[in-house]
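Q: Following this message is one structure expressed as structure tokens.
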Amino acid sequence: MPGGARVRRHGEETSCGTNPKRARSFLRLPFAGDFTADIATKCGEKTRAKVVVVAASTLESARLLLLSKSQLYPNGLANSSGHVGHNFCEHIMGPGVTGQAKNLVGKPPTLDDGRPGGFYLTRFRNLTEKHPKFIRGYGFEGGSGARMFPQGTDAHGFGSSFKEEIRQNQGSYIGMGAFGEVLARYENFVDLDPVVKDKWGVPALRFHYKFGDNEHRMAEDMKETAQEMFEAAGFKIMHVSDRVLTEGWSIHEMGTARMGNDPKTSVLNQFEQSHDVKNLFVVDGSAFVNASCQNPTWTIMALCWRSCDYLADELGKGNL
Amino acid sequence: MSNNPINLKQDRRQWLKSSAAVLGASLLPLPAVAAEASQAKTTPATPQTKPAGEASATRFFTPAQRTLVEELSETIIPADSHSGGAKATQVVGYIEQELRESTDDNRRATWQEGLRLVDLMSQHYHGKSFVDSSSEERIAVLTVLSDNDQMTDLPEVRFFRELKHLTVRGYYTSKIGIHDELEYKGNRLLLEFAGCDDPAPKSS
């Protein structure tokens, strides 16, 4: 495919050159839902650039590409593979446990908010042994200790015994919840809604996304393992949650313009550069090939840094 | 009282009946009850309006109701040898502001109705208003509601849950609740995290 970005402007096509070396790209963002009115007021302005770097977050970047249809790019910009919007993935959350360290009941208050953070248990499933029920894995995030507003106020009763119970128990609670990998599957995708539009009249995204069997089997293991860990640690179990939070809860969206070596099955190359349009980069979570189970921001930043190094090199060499 | 558990659903018929009789005879045993009862007849969800100009905008409770809420909240979280109670933290002011700013008419009605019912209960069990009762008598009335706190179809139970919820929130976000009661250590630089010096608990 020839290079050069085409982006739609109020229904009217503007095109840029097809030679990447001399391309003049026109980028328009009148439709990004999360952006402030500033962007909207700039609707009438043109921005020219040798290279376009999109980092509008996973969903808005996919939307931007899908909206940028043209004769040259009938499926949307950088979408000859048909994978833009697909392989949507995130983290499954919900199962977890709350417990109490009985040996901390009645101890003098400590400064637990002054710690640098909670605790994190890294992934342990499917590293050395294959789990019989699911592939991939999850980690636990947790916290413990005294807080400014005490835990345990849902205790039964009232009066002086209630008051004392809260005081004695503060600082003895510990809780953790799981973040698990949602497998990236082509069947999980976003596309442009034919009916719903945002306040600028631009199509909104529509979600075709459900957890699969692997996610649900993993969630069962999260609950059982969390309880098992707390019991082994000697905590009194206060509450075990097996409730899986709804799809999208993690707000860790990833995967709608995935990287890959094969332009037929991926949108971007290893430097988050479009296979189709060489002067277009997408440097946010949409480039992810899978969700793993960690919070994605640092990996997004690391990949972006790497891609920008590559971009600077390419510009220096005159390749872009 | 725990030896002889009260059947809330049976008892309430009697105190509701006696409330009707009291009103019919125009006997006003307590200003709060009477004022509340007559107001509940017309506009239960509307806050009290007084011709006091500006002050009326800041009031959800009548002075009598305010005293009642103060004593109720103190019964939920009383002063003890460790720290002050709900009264000292002026939880009533917090509750009043919360209700004044609430857009939930049902919630406001729950409070107006609940204050009326709790005084009827006090009259029924002890022959005097809640405010005039001893602390044992106050505890006895609230114990009836606390022991039945799953009966959320009853307005006085819903009121008790709201009362407890807002008293807890108000108290533990106050200076007395945070510093005197819980001795919160936060918002200070932690130079060293000493960890827990207890030996690792043995798993059973």
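The values are calculated or read from the model by the stated rules, or taken from the named source; none is laboratory data. On a predicted model such as this, the values are computed, not experimentally measured, just so you know. We place every Cβ from the backbone using ideal geometry, glycine too, and count neighbours over all the protein chains shown.
Q: Consider the range A:184-233. How many of its residues are modelled with pLDDT of 95 or more and either at positive phi or among the aromatic types (Phe, Trp, Tyr) (or both)?
A: Residues meeting the conditions: 6.
Q: Go through the range B:70-97 and give me each residue that's more than 14 Å from every other protein chain (Cβ to nearest Cβ) and surrounded by 24 or more Cβ atoms within 10 Å (Cβ to Cβ).
A: B:VAL92, B:ILE95
Q: Would you check if there is a residue in the range A:130-140 being within 30 Å of B:LEU189 (Cβ to Cβ) and without any contact (Cβ under 8 Å) to a residue 12 or more places away in the chain?
A: Within the range A:130-140 (the criterion being within 30 Å of B:LEU189 (Cβ to Cβ) and without any contact (Cβ under 8 Å) to a residue 12 or more places away in the chain), the answer is no, since none of the residues qualifies.
Q: Being closer than 30 Å to B:ARG12 by Cα, at pLDDT 95 or above and of a type in the set (Val, Ile, Thr) is the filter here; which residues of the range B:80-109 pass it?
A: B:VAL91, B:VAL92, B:ILE95
Q: Can you tell me which residue in the range B:160-196 is nearest to the other protein chains (Cβ to nearest Cβ), limited to those that are under 20 Å from A:GLY159 (Cβ atoms) and touching an Asp or Glu at 6+ places or on another chain (Cβ under 7 Å)?
A: Restricting to residues being under 20 Å from A:GLY159 (Cβ atoms) and touching an Asp or Glu at 6+ places or on another chain (Cβ under 7 Å), the top hit is B:PHE160.
Q: Among the residues in the range A:193-200, are any in contact (Cβ under 8 Å) with a residue 60 or more places away in the chain, more than 14 Å from chain B (Cβ to nearest Cβ) and surrounded by 14 or more Cβ atoms within 10 Å (Cβ to Cβ)?
A: Yes, the range A:193-200 contains a residue that is in contact (Cβ under 8 Å) with a residue 60 or more places away in the chain, more than 14 Å from chain B (Cβ to nearest Cβ) and surrounded by 14 or more Cβ atoms within 10 Å (Cβ to Cβ).
Q: Do you know which residues across the range A:260-282 are buried (at least 24 other Cβ atoms within 10 Å of the Cβ) and among the β-branched types (Val, Ile, Thr)?
A: Result: A:VAL267, A:VAL277, A:VAL282.
Matching residues to (1) surrounded by fewer than 19 Cβ atoms within 10 Å (Cβ to Cβ); (2) within 14 Å of another protein chain (Cβ to nearest Cβ):
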{"site": "B:LEU99", "(1), (2)": "no, no"}
{"site": "B:LYS128", "(1), (2)": "yes, no"}
{"site": "B:GLN150", "(1), (2)": "yes, yes"}
{"site": "B:PRO155", "(1), (2)": "yes, no"}
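Q: Residue check: is A:GLU164 without any contact (Cβ under 8 Å) to a residue 40 or more places away in the chain and either in a strand (DSSP E or B) or touching a strand residue (DSSP E or B) at 6+ places or on another chain (Cβ under 7 Å) (or both)?
A: Spelling it out, it is not the case that A:GLU164 is without any contact (Cβ under 8 Å) to a residue 40 or more places away in the chain and either in a strand (DSSP E or B) or touching a strand residue (DSSP E or B) at 6+ places or on another chain (Cβ under 7 Å) (or both).
Q: Checking the condition over 22 Å from the mean Cα position of the chain (by Cα) and either over 29 Å from A:ASP242 (Cα atoms) or part of a strand (DSSP E or B) (or both), which residue from A:PRO95, A:PRO74, A:PRO132, A:PRO116 passes?
A: A:PRO74
Q: So, in the range A:238-268, of the ones that are in contact with a helix residue (DSSP H, G or I) (Cβ under 6 Å, 6 or more places away or on another chain) and not in a loop (DSSP other than H, G, I, E, B), which residue ends up farthest from A:LEU104 (Cα to Cα)?
A: Result: A:LEU268.
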